[in-house]
Amino acid sequence: MNAAEKLSKAVIEKLRDSILDTDGTEIMAWGTVFEGLVTEVTVAARGDEGSVPAVFQHMEKGDVVIHNHPGGVLKPSGADMQVASRLGEHGIGFYIIDNDVNKIRAVVEPVVVKPTEALSIPMLSDLLKPDGALAAEMRSGGYYEYRPSQVAMLERVAESFNEDRICVAEAGTGVGKSMAYLLPALSWASGNDERVVVSTATINLQHQLIDKDIPLAKKILSTVNKAVMDCKTVLVKGRGNYVCLRRLSTAIDEQTLFDEHNDELLAIKEWSEKSPSGTRDDLSFFPPNVLWSKVNSEGDSCLGLRCKYREKCYVLKSKKEASSAKLLVVNHHLLFSDLAMRLDGAGFDNSVVLPPFTRIVFDEAHNMENSATSFFSSELNIFSVLKQANLLYSRRRARTFGALINLQIEAGAFDDDEKIPGMVDDIKDQVMALDAAALGVLGGEMSMRLRRGTEEPFIEKIIPEMLKLQKRILDCLYSVENIVKRLDEKDMELPVVYEVRMLERRLEGLASICQAFSMWDEKPGDVFWMEKKKSSSGEAFARFVITPLDISGKMRESVFIPYDTVVCTSATISVNRDFRFWSARVGLSGFEDRKVTASLFKSPFPYRENVLLGLPEDAPEPNSEFYQSFVQDFSIKMLEVSQGRGLLLFTSYRMLTETFDALKPDLDRLGITALRQGDDDRSRLLERFKTDTASVLFATSSFWEGIDTPGNALRVVIIFKLPFMVPTDPVIAARMEAVEKRGGNQFMEYMLPEAVIKFKQGFGRLMRRGTDSGVVAVLDSRIINKAYGKIFINSLPETARSIKPTDGILRDCESFLLD
């Protein structure tokens, strides 16, 4: 083909000059295409196909890579075809030219990029108005209420899609935030052939989106755009939810006659042969965690296409489903696992955990920092080391198992093989010694941070044991690597070799944690700490953790810089109607690389008429010896007035247990069912609470959010103490110190805002529908007596208030509940 058919005259001349400048050797260039012709070109590298990565990072879909063959033969080589295939996956073309730039061969044509189709904001807004499609749909079976705040939020989200913005939106309960972001997200994905990810913190919201909200949003949008019905949406679950057929087979091979879970293991095998999804929640029974952890899919042990079970692999099926979808619903942890790998070198244009995407919506965005912190932390414990060591080599009675045994079977034995059993035993012995040393140092403490002032026991008793463990791991891996290096070339492609390599990487990672602990004082950006935990059998063990002190930089690099649109929404982001605290924690404070808009969308619910905030003036200080007897007396009187129907929110399980034990006999006498967090599975417990309208739920921690109990089942929420974080928590303590070091006030700038956001979550459990009503009682006198108490109150919607002694509060509550 004549080069002039693909290249403009100016581009031809530039390429000729560049080739002459390199004395006719190979060059690599990239160009932009306009109306089928390359009109601009940049010579980005001198060299062959190996230079493509340097060019690729600057390219976009619709561009083209141009490479010359000095010999004049334009037939693509094997390396050319590999490059062309990779580029083609991203919509980028690949051309080969001769040195005179007279001839050209198009190995892969670039995709034709159509202009971005901006969202019609008036059209989308009209869908939600009284004469719109949503109202019409609800009239045929549902409840419709015009919500100006919902329309305003939709308009702000749509603007962020059209203008590539970051959008922060606090949407009060009842705004209908999911519809406000789904309509723009679905319209954009459908109209522009781009993938959008919606990330949430809870499985409940994910199922609500997939089962209810997204089908409704599509139906509404189809009244103005039929094509949106073809916009495929998929709920993507973490691979830990799926059974791994290879690990299941291994677990069955390694079971013995006396194993505790033999019957359940065989039941999982039988189920796996006919299950359509392979997910844990598709099982007819709930397998114990200790069993499921032996058979579920794991990213760092997955053999991928090398696995003999790949044709039936449930994870690969789910990935294929996700790659054909334009809107993905995921959880925050799964999303951050994907983003971390992209940040670590996988790139933002490739399939990793998720297929590539261009825009993100974070719902329940108040949890972003915690989710990112959890994922970007690294840890080591006795079980993580034993697991990897056993996967490498293990003995059970007279039988041997593990990747190295499989390697012996498939590739033959080597001299180093006989060393491995002893070396693996040394690793196991040493991690047990480390665990014992840590538990001894912890004593009666639940956690301890490695810092100035606490370093002595770490340096004397723990770090030496860590370095011994590191050495034993590395010595073992050295012998393993010697075995692998001596394999025949034909054996290097065996799946078991890949498995051994993965185990090497994981053990190296655990060894690197040991090394990092020994260099703790050279890493001021990380928090080094350990804590005491209990295993499923109740035995204490030590957990060693490295946590980033500040995740704002990683958030910018992995989320806010690379993605065209990022929407962050929640009912609880602001503190006293101010976004500065949350913005600083996630990396948006002072972020000038992108345009950021932050808006508050007020709840349409009638809080002033439907909610009474009760603040007893005579409540003792929370640290008073009289406090526990006061809250018990207040609670039973309040619950008698409300006839149960109460949610009691605590900040510690110890106080929950003490109060539950004290109140249960009186509640039984009143015919009120007392339910306690931890006595049953969370979902079953919540279902009992919803259906038994004469019940009371005692809860803490995660139950401050994610509970949706509309109607008559919940009329009273009692918050005992303001939910300040425990300042002895190693990460919290380190972050508080960091605030002080920069001259800030750790209480006002960290502890208080975190508590206010949690408090708002607890308050929000009461009113879930516009017709709900009831009482929120706060039994912490600091909300009245301390100056900062106003910040808690001002952060809530405006309600009716009763600030009186207990007797007056109870009378007001009784009158309010009976009104």
The range 516-550-the range 733-747 distance, computed between alpha-carbon centres (Å): 21
DSSP-defined beta bridges in the chain - what % are antiparallel, rounded to 5: 40
Fraction of accessible area attributable to carbon and sulfur, the range 707-819 (%, probe 1.4 Å): 49
Of every Cα-Cα pair in the range 725-819, the percent that sits beyond 16 Å: 65
Within the range 111-138, backbone nitrogen closer than 19 Å to the virtual label 7 Å beyond the Cα of residue 5 toward Cβ: 111-112
Length gained when the stretch residue 467-residue 807 is fully extended (0.36 nm per residue, less Cα-Cα span): 116.1 nm
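Over all directions, average the projected area of the Cα convex hull of the range 675-780 and note it in nm².
Working: hull surface 31.5 nm².
Orientation-averaged projected area of the Cα hull: 7.9 nm².
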Lysine-lysine proximity count for the range 104-246, Cα under 30 Å, sequence distance 8 or more or distinct chains: 25
Amide H partners (placed H, <5 Å) of residue 44, local residues excluded: 28, 29, 30
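Mind listing which GluC sites (Glu not before Pro) in the range 601-637 are in a DSSP loop and have 12 or fewer other Cβ atoms within 10 Å? List each step's numbers first, then the result.
On the way: sites: 609, 617, 625; in loops: 617, 625.
Answer in residue order: 625.
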In the range 733-819, trypsin sites (Lys or Arg not before Pro) in a DSSP loop with at most 11 other beta-carbon atoms within 10 Å: 742
Using θ = phi - 60° and Karplus 6.51 cos²θ - 1.76 cosθ + 1.60, couplings along the range 135-141 (whole Hz; Gly, Pro as x): 4, 5, 5, 5, 5, 8, x
Inter-label distance, nm, simple model (7 Å from Cα along the C-beta direction), residue 661/residue 534: 1.4
Degrees separating the helix 682-691 axis from the principal Cα axis of the chain, which is the longest one: 40
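Need the full-extension length gain, residue 82 to residue 788, defined as separation in residues times 0.36 nm minus the C-alpha distance. One decimal, nm. Don't skip to the answer; put the middle values down first.
Values: separation 706, 0.36 × 706 = 254.16 nm, distance 6.30 nm.
Taking 0.36 nm per residue and subtracting the Cα distance, the gain is 247.9 nm.
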Within the accessible area of the range 526-655 (1.4 Å probe), percent carbon and sulfur: 45
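Residue 279 to residue 311: FRET efficiency via 1/(1 + (r/R0)^6), r the Cβ-Cβ distance, R0 25 Å, to the nearest 0.05?
Details: r = 19 Å, r/R0 = 0.74.
Between residue 279 and residue 311 the formula returns 0.85.
Throw me the Rg/Rh for the range 169-233, computed over C-alpha atoms with Kirkwood Rh, two decimals.
On the way: Rg = 11.8 Å, Rh = 12.4 Å.
Rounded to two decimals, Rg/Rh equals 0.96.
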Other-chain or far-sequence residues with amide H under 5 Å of residue 618's (modelled H): 806
Label-point separation, residue 741 to residue 346 (7 Å along Cα→Cβ), nm: 3.1
Distance in nm between pseudo-label sites at residue 561 and residue 519 (7 Å out along the Cβ direction from Cα): 2.3
The chain: Cα Rg divided by the 2.2 N^0.38 Å rule of thumb: 1.08
Sequence of 478, 146 from largest to smallest accessible area, 1.4 Å probe: 478, 146
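Counting every Cα pair in the range 653-729, what percent are over 19 Å apart?
Details: 1130 of 2926 pairs.
When every Cα pair of the range 653-729 is considered, 39 percent fall beyond 19 Å.
What is the extension gain from residue 290 to residue 576, computed as 0.36 nm multiplied by their sequence separation minus the C-alpha to C-alpha distance, in nm to one decimal? Spell out each step's value before the answer.
Details: separation 286, 0.36 × 286 = 102.96 nm, distance 4.43 nm.
98.5 nm is the gain from fully extending residue 290 to residue 576.
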Alpha-carbon spread of the range 181-273, three principal axes, descending order, Å: 63, 24, 20
Debye log10 I(q)/I(0) for the range 1-156, one point scatterer per Cα, at q = 0.15, 0.21 Å⁻¹: -0.71, -1.28
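Taking the alpha carbon gyration tensor of the range 56-136, what are the square roots of 5 times its eigenvalues, largest first, to the nearest whole Å?
Working: eigenvalues 429, 28, 15 Å².
Working through the eigenvalues yields semi-axes of 46, 12, 9 Å.
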³J(HN,Hα) computed for each position of the range 603-617 - Karplus, 6.51 cos²θ - 1.76 cosθ + 1.60, integer Hz, glycine/proline x: 5, x, 6, x, 4, 4, 8, 9, 10, 10, 9, x, 10, x, 6
Alpha-carbon Rg with Dmax, taken over the range 498-645, Å: 24.5, 68
FRET efficiency for residue 589 and residue 702, using Cβ-Cβ distance with R0 set to 35 Å, rounded to 0.05: 0.80
Qualifying trypsin sites (Lys or Arg not before Pro) in the range 250-311, DSSP loop, other Cβ atoms within 10 Å at most 10: 274
Amide H within-cut-off set for residue 168, under 5 Å, with H built and near neighbours excluded: 568, 597, 598, 599
Whole-Hz ³J(HN,Hα) from phi, Karplus 6.51 cos²θ - 1.76 cosθ + 1.60, for the range 282-288, glycine and proline x: 8, 6, 7, 9, 9, x, x
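May I ask you to derive the FRET efficiency for residue 204 and residue 100 from their Cβ-Cβ distance with R0 = 45 Å, giving the value to the nearest 0.05?
0.10
So what's the projected area for the range 454-502, the Cα convex hull averaged over all directions, in nm²?
Values: hull surface 16.6 nm².
The orientation-averaged projected area of the Cα hull of the range 454-502 comes to 4.1 nm².
What is the sum of charges, Lys and Arg at +1 and Asp and Glu at -1, for the other residues whose Cβ falls under 11 Å from the Cβ of residue 204? All intermediate terms of the calculation are to be shown ahead of the outcome.
Values: positive: 682; negative: 211, 364, 705, 708.
With Lys, Arg at +1 and Asp, Glu at -1, the neighbours total -3.
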Solvent-accessible area of residue 736 with every protein chain in place, 1.4 Å probe, in Å² to the nearest 10: 20
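Calculate what fraction, in whole %, of the accessible area of the range 254-402 sits on carbon and sulfur atoms when a 1.4 Å probe is rolled over the protein chains. Show your work: numbers first, answer last.
Numbers: 3850 of 7230 Å².
C and S fraction of accessible area: 53 percent.
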Degrees, to the nearest 10: 806-818 long Cα axis against longest axis of the chain: 70
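Which whole-number percent is the relative contact order of the chain (Cα, under 8 Å, 6+ apart)? Don't skip to the answer; put the middle values down first.
Values: 1345 pairs, mean separation 98.4, N = 819.
Across the chain, relative contact order equals 12 percent.
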With Cα atoms, 0 to 90° folded angle of helix 627-642 axis to the chain main axis: 80
Accessible area expressed per residue, the chain, with surrounding protein chains retained (probe 1.4 Å, Å²): 45
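The values are calculated or read from the model by the stated rules, or taken from the named source; none is laboratory data. All values reported here derive from a predicted model rather than from experimental measurement. Virtual Cβ from ideal backbone geometry, glycine too; neighbours counted across all protein chains shown. Heads up: the accessible areas ignore ligands, DNA and RNA and are worked out on the full protein's heavy atoms, side chains in. Shrake-Rupley method; radii C 1.70, N 1.55, O 1.52, S 1.80 Å.
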